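Engineer: Can you read through this structure? Questions will come right after.
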Amino acid sequence: MQEMQFYMPVPLHCESGCVLAYSHKLAQLGGSCLIVTGRTGAHASGALDDVQTALQLQGIEYTVFDEIEENPLVSTCHRAGRAARELGAEFIVAIGGGSALDAGKAVAVYAANSDLGGEEIYDLDWPLPALPCALVPTTAGTSSELDQTAVLTIDALGVKKSVGRADMFPALALVDAKYTYSLPYRATVSTAVDAFSHCAESYFAQNADTISRMFALQGSALLWPSLTTLAGLSPFIEPEQIDTTLRDDISAGCTLAGFSLGRCGTCFPHPLGYLLTEGYAIPHGSATGVFLPAFLQRARRYERGLFDRFLEVVGAPSLAALSATLQKLCPVQVKMDPQQIEGYRPRLQNVKNFARTPGGYTDSDALDLLRQLFL
């Protein structure tokens, strides 16, 4: 009998108008909350207005903390946690892309644990469970609304590092694709590539099983045609000119990717992508997509049967066609010198994502790829 496992304890509502339709579920989390978000996305998408209306309908008190930056700092999340305690917040609502959603989960931990220092969150031994957290995404890429992980940037190092514990699973996820309709072309591409990477990496991961691969394939079947359509559009297209059906497909594909991602995690493209985001300010999804052609080539080498099925489902004629589209969507101008590349070695040793990669993966493999791409 094939061994299969699945655990995803997040109540999810993925439909148009869900924030207002399920406002009563926000009331079940408490009578006061801190809204955690960035300065633009939640406002521009209309999500913040809808959440505020939903809270008002239920008589829930709230304060908005809109200082979350891209690649959120540990210190910012710690400060937001203090703000939540001062408010007497009983739960957190996070609105935005992956940065805001990840921040919201961390804020929920800090809010519940007044004595927890910033980087102490990585010790995973805080005494009180995180506050309940409701997440409302305004991008379709990270699937952060479905898992317990927060990727934060350590202030002193400028390095991204993930943290996750079972009590960080969201208490509620409200996904409405209309909140992605205002995303500019570049952000739409980057987030969609990120979602596709989640599907591909979790599909080929060594710890995947029949259930997780089912979600990954279904997500890929929605996301890849959307990416090929985006590749044929002008980068200067206005957000309202991008077809809403395409955006709906990306949102649905991202949600499906989240189920597989939560079961399996990612492989080597994600930790290598962090290097480009931190050092060259390349958006996370695009940075990950730079390494995806090499990952797919490795998957074909070590998991040919799975690869052929993947190619059939996404409808791509060949690995070359997949790679060409990804390279068009994720162009980068990055140069590294040999000393810089070798300097990454300590960070790339014993990376859990590498162990999940088809055929295994080592720090030496990663450095060889960096040399091939950027020398």
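Engineer: From the residues Gly30, Ala324, Thr76, which one has its Cα farthest along the dipole of the chain in the positive direction, the dipole being from +1 and -1 charges on Cβ of Lys/Arg and Asp/Glu about the Cα centre?
Structural biologist: Value computed over the given set: Ala324.
Engineer: May I pose another question? Considering the options Ile92, Pro9, Ser45, tell which one lies farthest towards the positive end of the dipole of the chain, charges being +1 on Lys and Arg and -1 on Asp and Glu at the Cβ, about the Cα centre.
Structural biologist: Towards the positive end, the residue furthest out is Pro9.
Engineer: On average, how much area does the Cα convex hull of segment 25-133 cover when viewed from any direction, in nm²?
Structural biologist: Values: hull surface 24.6 nm².
Its average projected convex-hull area is 6.1 nm².
Engineer: In debye, nearest 20: dipole of segment 315-366 around its Cα centre with unit charges on the Cβ of K, R (+) and D, E (-)?
Structural biologist: Working: 6 positive and 4 negative charges, 38 e Å.
I would put it at about 180 debye.
Engineer: Per residue, how big is the convex hull around the C-alpha atoms of segment 260-327? Give it to me in cubic angstrom, could you?
Structural biologist: Values: hull volume 6.6 nm³, N = 68.
Spread over its residues, the Cα hull of segment 260-327 gives 96 Å³ apiece.
Engineer: Kirkwood Rh over alpha-carbon pairs of segment 131-260, then Stokes-Einstein at 4 °C and 1.567 mPa s: what D in µm² s⁻¹, rounded to an integer?
Structural biologist: Working: Rh = 15.5 Å.
Value of D from the Cα-based Kirkwood radius: 84 µm²/s.
Engineer: So in the chain, what percent of DSSP beta bridges are antiparallel if you round to the nearest 5?
Structural biologist: Details: 6 of 27 bridges.
Here the share of antiparallel DSSP bridges comes out near 20 percent.
Engineer: Using the Kirkwood formula on the Cα atoms of the chain, what hydrodynamic radius do you get, in angstrom to one decimal?
Structural biologist: Numbers: mean 1/r = 0.0481 Å⁻¹.
The answer is 20.8 Å.
Engineer: Next question. Quick check: at a probe of 1.4 Å, how many percent of the accessible area of the chain sits on carbon and sulfur atoms?
Structural biologist: Values: 7640 of 15120 Å².
Answer for the chain: carbon and sulfur cover 51 percent of the accessible area.
Engineer: Something else: Sort 251-264, 307-320 for me by packing, meaning the mean count of neighbouring Cβ atoms within 10 Å per residue, highest on top.
Structural biologist: Values: 251-264: 26.6, 307-320: 15.1.
Sorting 251-264, 307-320 by mean packing, highest first, produces 251-264, 307-320.
Engineer: Can you give me the relative contact order of the chain as a percent, contacts being Cα pairs under 8 Å and 6 or more apart? Intermediate values should be presented prior to the final figure.
Structural biologist: Working: 737 pairs, mean separation 56.9, N = 375.
Here the relative contact order equals 15 percent.
Engineer: Using the Kirkwood radius built from alpha carbon pairs, what does the Stokes-Einstein equation give as D for segment 240-375 at 4 °C and 1.567 mPa s, in µm² per second? All intermediate terms of the calculation are to be shown ahead of the outcome.
Structural biologist: Values: Rh = 16.3 Å.
My calculation gives 80 µm²/s for D.
Engineer: Students often check this: by mean Cβ neighbours within 10 Å, which of 151-164, 171-184, 98-111 ranks highest, and how do the rest follow?
Structural biologist: Working: 151-164: 16.4, 171-184: 22.8, 98-111: 29.1.
Top of the packing list down: 98-111, 171-184, 151-164.
Engineer: If you add up the charges near Ala166, with Lys and Arg at +1 and Asp and Glu at -1, over every other residue whose beta carbon is less than 12 angstrom from its beta carbon, what do you get?
Structural biologist: Details: positive: Lys105, Arg165; negative: Asp147, Asp167.
For residues surrounding Ala166, the net value is 0.
Engineer: Suppose every Lys and Arg Cβ carries +1 and every Asp and Glu Cβ carries -1, with no other charges. What dipole size does segment 205-291 come out with about its Cα centre, to the nearest 20 debye? Each step should come with its number before you reach the end.
Structural biologist: Numbers: 3 positive and 7 negative charges, 70 e Å.
Value, rounded to 20: 340 debye.
Engineer: Charges only on Cβ, +1 for Lys and Arg, -1 for Asp and Glu: so what's the dipole of the chain about the Cα centre, in debye to the nearest 20? It would help to have the intermediate numbers written out before the result.
Structural biologist: Values: 26 positive and 39 negative charges, 187 e Å.
I would put it at about 900 debye.
Engineer: Now for a different question. Tally Lys and Arg at +1 and Asp and Glu at -1 over the other residues with C-beta under 14 Å from the C-beta of Cys18: what net charge comes out? Don't jump to the answer; show the numbers that get you there.
Structural biologist: Working: positive: Lys25, Lys178; negative: Glu15, Asp50, Glu145, Asp176, Asp248.
After counting each charged neighbour, the total is -3.
Engineer: Could I ask something else about it? Rolling a 1.4 angstrom probe over the protein heavy atoms, how many square angstrom per residue are accessible across the chain?
Structural biologist: Numbers: 15120 Å² over 375 residues.
Heavy-atom SASA per residue in the chain reads 40 Å².
Engineer: Using +1 at the C-beta of Lys and Arg and -1 at the C-beta of Asp and Glu, which of Tyr181, Ser162, Ala106 has the Cα lying farthest in the positive direction of the dipole of segment 87-231?
Structural biologist: It is Tyr181, whose Cα lies furthest towards the positive end.
Engineer: Over 30 Å between Cα atoms: which of Lys25/Lys352; Lys161/Lys335; Lys25/Lys160; Lys105/Lys352 fall into that group? Walk me through the intermediate numbers first.
Structural biologist: Working: Lys25/Lys352 36 Å; Lys161/Lys335 24 Å; Lys25/Lys160 33 Å; Lys105/Lys352 22 Å.
Where the Cα-Cα span goes over 30 Å, the pairs concerned are Lys25/Lys352; Lys25/Lys160.
The values are calculated or read from the model by the stated rules, or taken from the named source; none is laboratory data. This is a predicted model, so every value here is computed, not measured. When we count neighbours, we look across all protein chains shown, and the Cβ atoms used for this are built from the backbone with ideal geometry, even at glycine. Keep in mind that these areas ignore ligands, DNA and RNA; they rest on the heavy atoms of the full protein, side chains included. Shrake-Rupley method; radii C 1.70, N 1.55, O 1.52, S 1.80 Å.
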